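*Asks:* Pasting a structure here, questions to come.
What follows draws every value from the coordinates through simple rules; no lab data is involved. Model, not experiment: these values are computed from the prediction. Cβ: placed from backbone, ideal geometry, glycine included. Neighbour counts: every protein chain shown.
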Amino acid sequence: MADAEMRASDDAGEDAAASHTLDDLPSLHVGMVVEGIVASVDDERALIDVRGKSEGLLAPREAVLAHGQRLSEALHPEDRVMVTILGFGPEDGAPILSQRRAQETIAWHQLEEAYQSGAVLEAPVFEQVRGGLLVDVGVRAFMPASQVERNYVPDLSAYVGKTVRVRVTEFDRPKGRVILSQRVVLEEEHQKRRERTWSELQEGQTCAGVVKGITSFGAFVDLGGVDGLLHVSAMSWGHVNEPSEQLYVGQELTVKILRLDRERNRISLGLKQLEPDPWEGVEERFPLGSVVDGRVARITAFGAFITLAPQIEGLAHISQLSDHRVEDPREVVAVGQEVQVKILRVSRTERRIGLSLRQAAPSAERPAPASPAIGDTSSGGVTIGDAIGDLLQRRGDGGAGGISEDR
């Protein structure tokens, strides 16, 4: 029988293609799917008992074989197999069988049930094609590239040979069309994780997360289907130039939940809040008028930030760098330079420390001024430069260590 005729006969008999066992079997007819027992097999054919008396013929091309596999390797005597009746031999009337066609018929029934019920199927990807992947669900099915993951995947080759979890989103048996989606499965699971995570989160709680993305103002941390923002100001008690200097994508973190906004789905996170506040007791550690050692951390147009202790910085305003007029702080100090400074003011609440290099140096070691400053006195009184410097320091020193996100 020609292949086209076999297919026509197969389609015509599919309404009666329910599986039958040897114990309950009506008369054999074309298109019927039945269970048989392998009577004998070699590489040329397999004889399969489909009625307890009648042996049908299964050719290698109609068997389900792996690539390069022989018929005698796939089937063995006494194996039970499902086969479709393609026709009957013209001479002896022996049934002509197809294991492959039976598998397809059963698969189509299972796919239709999965489509109607929304069941999740697990199946292997066997080929990448233009626009998506081909998946073996008993029949050839297509999964568009947009339905592979929740996000765009530029290279689908890594999925070939892997098992995916999919749902049937389109089903048209007459056209042989089956469309699959893994994305809908992942989206549903993601939404369930979000709901579970939101129900468990509380302000002040410590939880684990993974850095998902980094920006100039902070990092987004995945807490389990929910993203929280770790602002740059909450990363460290010390100064952080760029978040990427502290974190990397994929890094696992333990963070503290500072604020929850359930209505706007926003979470503020803290990292430094899990460590002791280095500014605690800063007034006692650095009393007013004391002279301490420090290291120049960074230089700006208005002065130099000087590290006094781990994560503790103070600002020496440009007016406090030298007795003579300074146009550029780099004329007096350099990054990394060890210096002695005098504590002029300390504020734990504002996290600011005012420093002076010129007042820390003995008068004999101070550089001679290029020209007398207006209002300068030999008694060491306050100059106009001191007053202006103090005002600018209060208004624009940037916090000398920053303002805490959570005090």
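*Asks:* Under a point spin-label approximation (7 Å from Cα along Cα-to-Cβ), what is the Asp42-Thr163 distance to one decimal in nm?
*Replies:* It is 3.8 nm.
*Asks:* For the range 203-274, what's the relative contact order in percent, using C-alpha pairs closer than 8 Å and at least 6 residues apart? Write out the running numbers ahead of the final one.
*Replies:* Numbers: 153 pairs, mean separation 26.7, N = 72.
After rounding, I find 37 percent.
*Asks:* Separate question: Round to the nearest 0.05 the FRET efficiency obtained for Gln128 and Glu73 when R0 = 30 Å and r is the Cβ-Cβ distance. List each step's numbers first, then the result.
*Replies:* Details: r = 29 Å, r/R0 = 0.95.
Once rounded, the FRET efficiency stands at 0.55.
*Asks:* Tally Lys/Arg at +1 and Asp/Glu at -1 over every other residue whose Cβ is under 14 Å from the Cβ of Thr215; what's the total?
*Replies:* On the way: positive: Lys212; negative: Asp227, Glu242, Glu245.
Charge balance in the 14 Å sphere: -2.
*Asks:* When a footprinting reagent is the concern and you count Cβ atoms within 10 Å, what order do Asp79, Asp222, Asp323 take, fewest first? Walk me through the numbers before you get to the answer.
*Replies:* Values: Asp79 13, Asp222 17, Asp323 20.
Ranked by crowding around the Cβ, least crowded first: Asp79, Asp222, Asp323.
*Asks:* Please work out the ratio of the alpha-carbon Rg of the range 203-274 to 2.2 N^0.38 Å and round it to two decimals. Can you show the working numbers first?
*Replies:* Details: Rg = 11.1 Å, N = 72, 2.2 N^0.38 = 11.2 Å.
Dividing the Cα Rg of the range 203-274 by 2.2 N^0.38 Å gives 0.99.
*Asks:* Something else about it: Taking loop as defined by DSSP and a crowding limit of 16 other beta carbons within 10 Å, which chymotrypsin sites (Phe, Trp or Tyr not before Pro) in the range 180-289 fit?
*Replies:* Details: sites: Trp198, Phe217, Phe220, Trp237, Tyr248, Trp279; in loops: Phe217, Trp237, Tyr248, Trp279.
Loop-located and lightly packed - Phe217, Tyr248.
*Asks:* Per the Kirkwood formula on distinct C-alpha pairs, the Rh of the range 118-186 is how many angstrom? Please list the in-between numbers first.
*Replies:* On the way: mean 1/r = 0.0846 Å⁻¹.
It works out to 11.8 Å.
*Asks:* Specify which residue in the list Cys207, Leu156, Val185 is farthest towards the positive end of the charge dipole of the range 104-241, using unit charges on the beta carbon of Lys, Arg (+1) and Asp, Glu (-1), about the Cα centre.
*Replies:* The Cα lying farthest towards the positive end belongs to Leu156.
*Asks:* Here's another thing I want to ask about it. When all C-alpha to C-alpha distances in the range 176-306 are sorted into bins of 10 Å, what percent of pairs does each bin hold, rounded to whole numbers?
*Replies:* With 10 Å bins starting at 0, P(r) equals 10, 31, 26, 17, 9, 4, 1, 1, 0.
*Asks:* Within 15 Å, Cβ to Cβ, of Glu245, how many net charges do the neighbouring residues add up to if Lys/Arg are +1 and Asp/Glu are -1?
*Replies:* Details: positive: Lys272, Arg298; negative: Glu242.
Within the 15 Å Cβ shell, the charges total +1.
*Asks:* May I ask you to derive the FRET efficiency for Asn241 and Glu338 from their Cβ-Cβ distance with R0 = 35 Å, giving the value to the nearest 0.05?
*Replies:* Working: r = 22 Å, r/R0 = 0.62.
According to the calculation, E is roughly 0.95.
*Asks:* Please give every one of the lysines within straight-line cross-link reach of Lys256, meaning a C-alpha to C-alpha distance under 29 Å, and leave out same-chain neighbours fewer than 8 residues apart.
*Replies:* Counting by Cα, and skipping residues close in sequence, Lys256 has these lysines nearby: Lys192, Lys212, Lys272.
*Asks:* 5 Å is the cut-off here: which amide hydrogens, built 1.01 Å from N in the peptide plane, fall below it relative to Gly87, excluding neighbours closer than 5 in sequence?
*Replies:* Ile96
*Asks:* Going by amide H atoms built from the backbone, whose H comes under 5 Å of the H on Val226, apart from near neighbours?
*Replies:* none
*Asks:* Taking the alpha-carbon centroid of each part, what is the distance from the range 95-142 to the range 197-270 in angstrom?
*Replies:* Result: 43 Å between the Cα centres.
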